1. Say we look at the range A:25-54 and pick out the residues that are away from every other protein chain (no Cβ under 11 Å) and of a type in the set (D, E); which of these is farthest from B:P26 (Cα to Cα)?
2. Would a scan of the range A:9-24 turn up a residue that is more than 10 Å from chain B (Cβ to nearest Cβ), surrounded by fewer than 17 Cβ atoms within 10 Å (Cβ to Cβ) and in contact with an Asp or Glu (Cβ under 7 Å, 6 or more places away or on another chain)?
3. When you check B:A4 against the structure, is it in contact with a His (Cβ under 6 Å, 6 or more places away or on another chain), within 12 Å of chain A (Cβ to nearest Cβ) and either within 15 Å of B:P61 (Cβ to Cβ) or not hydroxyl-bearing (S, T, Y) (or both), yes or no?
4. Checking B:I57 against (1) away from every other protein chain (no Cβ under 12 Å); (2) under 23 Å from A:A6 (Cα atoms); (3) crowded, with 16+ Cβ neighbours inside 10 Å, which single condition isn't satisfied?
5. Among the residues of the range B:27-54, count how many are in contact with a strand residue (DSSP E or B) (Cβ under 7 Å, 6 or more places away or on another chain), within 22 Å of A:V9 (Cα to Cα) and open to solvent by 60 Å² or more (accessible area, probe 1.4 Å).
Protein chains: 2
Amino acid sequence: MCEANAYLVGKEGNTLVMEAVDSVEPEGDGVKLISIFGEQKFVKGSIYSLALVDHNIFLKPKE
Amino acid sequence: MCEANAYLVGKEGNTLVMEAVDSVEPEGDGVKLISIFGEQKFVKGSIYSLALVDHNIFLKPKE
């Protein structure tokens, strides 16, 4: 499987938002994360960067 | 491995930009793609959505 962990990038470090993320889709002023288990979460922000071999997705909060 | 294929989303369909992408990082007014082979490519745009189980990254061109 090729899922990844999604982190919210912050000034004081990164916060894990969701594990085993399959898809990230734009929705309104943010993104909707969907895990491989079907769990959904909305984050007010956008995709900042990816490091897929390390299974990491970094999200930037909307200012 | 958990690499993915990066596509540029267009009105007339999606164009494959790079295969086996490991990382995507913001750079200037676009993103820098780096493949698992170390190949680099700059795309003037941003990350639009992800479908990691299907190994897909979708990039939106900057308007």
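The values are calculated or read from the model by the stated rules, or taken from the named source; none is laboratory data. Given the structure is predicted, the values throughout are model-derived calculations rather than measurements. Reconstructed Cβ throughout: ideal geometry from the backbone, glycine too, with neighbour counts over all protein chains shown. Just the protein is used for accessible areas: all its heavy atoms, side chains included, with ligands, DNA and RNA removed. Shrake-Rupley method; radii C 1.70, N 1.55, O 1.52, S 1.80 Å.
1. Only one residue fits best here, namely A:E39.
2. Taking every residue of the range A:9-24 in turn, none turns out to be more than 10 Å from chain B (Cβ to nearest Cβ), surrounded by fewer than 17 Cβ atoms within 10 Å (Cβ to Cβ) and in contact with an Asp or Glu (Cβ under 7 Å, 6 or more places away or on another chain).
3. Yes.
4. For B:I57, the failing item is (1).
5. 2
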